[in-house]
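Asks: Supplied in structure tokens, the structure appears directly below.
The values are calculated or read from the model by the stated rules, or taken from the named source; none is laboratory data. This one's a predicted model, so the numbers in the text were calculated from it and none came from an experiment. FYI the Cβ positions are ideal-geometry reconstructions off the backbone, even for glycines, and counts take in every protein chain you see. The protein model used for the area step is the full one, side chains on, heavy atoms only, and it has no ligands, DNA or RNA in it. Shrake-Rupley method; radii C 1.70, N 1.55, O 1.52, S 1.80 Å.
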Amino acid sequence: MRKATRQVALMIAVSAISVAATSPAYATKEEENDVVQNSSADKSKANGETVVQPAASKGTEAGQASLQKEVAKNGKNIRLALTLAGGGSRGAAHIGVLKVFDREGIKPDFISGSSVGAMIGSLYAAGVSPAQLEKLALEGKFKKAYFPIPKNVKSFFYSVPYFAQRAVLLKPKIGLYSGKSISRFIEKNLPEGVENFEDLKIPVAVTAINLVDTKPVWLTKGSIAQAVRVSNTVPFMYKIAGPKDGPQLVDGGIRTNLPTEIAEAAGAPLVVAVKLHSYLEKVSPKEFDTNTDMADRVTSIFMAEIEGKGVGDADILVEPEVQYMTMHSFDRKSMERAIAAGEAAAEKQVSEIKRRLATTDVAHNEKPNQSFK
């Protein structure tokens, strides 16, 4: 009887550790009190802290008007907008695209991004060069931002406190990591004097989803680091920033992984979109025989479908071939291959981008270039 009891206990413990890899973890009081900053100036008090409420949802006149007003502050018309998709480690391909654009003198006037696209796009818009971004990727800094502690170690040590709290009817925040490592990574690598969207050299908008009303949110004001953290808040993996009674903002890729509609709303006559899930190849079942790999495979299929929604608002697609990677392949060799794939894909489109920029201002669906005043 005792032996059977010990076996059952062991099975429960093993199950708890396994589930924790994709389940919520213990939340500290410090994490409970994080503040979310996003795109609206409408502020309210919650738990003694200032919480910035979400801006108007995509597609609304209010949302477009607000975005255009922000872009107008830049003092110039938008000719070329660059949209960067989400995709975890596959996003290293964005660095390769930016390397080619810099070399060829192609400068975006506006950037929209989701998840890792928001991270790389925001740093680039702040003045971080493609060479610097490449150095960060190859030195493992992106991996450290997303996974400051290995997932298996994090799962083991945080599963017990989480389930203990649930057992006494407490409801800790859901998520294995706090997400603070993402915002700290951005803060550390932003140039001196750059903290908020208003400080960026190139206007940027990043996406998130509010789980309360399920609508997309465009983040264009306030802290860059917090907005990028929010846009990378993968449910179950990272805790939602801010109090539980405020906006519940998570990874924008859930609905808008290729947010070209933001570039369209900003009035960009030429929209270049970098799509990360164009190529999904047949693989052996052995390639997804763990929980992590299975989740990655399923998510990749979802991402490919979601990205398809953004294709219609793009004039030129840059499609790096990064299908060989999982979304958590942050090792140096994978980073090098992804960056090279981004370069190769961008080089195929350079002449067309230059032609469209040089020949006409009516580049996007035959609509005139818009000026914001």
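Asks: Among rounded, prolate and oblate, which fits segment 298-349 when a ≥ b ≥ c are the square roots of the eigenvalues of its C-alpha gyration tensor, a/c under 1.5 means rounded, and a/b larger than b/c means prolate? Walk me through the numbers before you get to the answer.
Replies: Working: a/c = 3.55, a/b = 1.22, b/c = 2.92.
Note, shape of segment 298-349 comes out oblate.
Asks: Which of rounded, prolate, oblate describes segment 229-331, given a ≥ b ≥ c as roots of the alpha-carbon gyration tensor eigenvalues and a/c under 1.5 marking rounded, otherwise prolate only if a/b is larger than b/c? List each step's numbers first, then the result.
Replies: On the way: a/c = 2.57, a/b = 1.10, b/c = 2.33.
In terms of gyration-tensor shape, oblate.
Asks: What residue among M325, V298, P235 has its Cα farthest toward the positive end of the dipole of segment 206-357, where the charges are +1 on Lys, Arg and -1 on Asp, Glu, each on the Cβ?
Replies: The Cα lying farthest towards the positive end belongs to P235.
Asks: Would you work out the Kirkwood radius for segment 177-262? I mean one over the mean of 1/r across all pairs of different Cα atoms, in Å. If you can, show how the numbers build up before the last one.
Replies: Details: mean 1/r = 0.0757 Å⁻¹.
Its Kirkwood hydrodynamic radius stands at 13.2 Å.
Asks: Here is a follow-up. Towards the positive end of the charge dipole of segment 101-151, with charges on Cβ (+1 Lys, Arg; -1 Asp, Glu), say which of G117, I149, L138 has the farthest Cα.
Replies: Farthest towards the positive pole: I149.
Asks: What does the highest-first list of 175-183, 307-315 look like by mean Cβ count within 10 Å? If you can, show how the numbers build up before the last one.
Replies: Details: 175-183: 21.8, 307-315: 18.2.
Top to bottom by mean Cβ count within 10 Å: 175-183, 307-315.
Asks: Work out how much length Q165 to L211 would gain on full extension: take 0.36 nm times their residue separation and subtract the Cα-Cα distance, in nm to one decimal.
Replies: Details: separation 46, 0.36 × 46 = 16.56 nm, distance 2.34 nm.
The Q165-L211 span can extend by a further 14.2 nm.
Asks: Per residue, how many Å² of accessible area does segment 107-147 show with a 1.4 Å probe?
Replies: Numbers: 1170 Å² over 41 residues.
On a per-residue basis, 29 Å².
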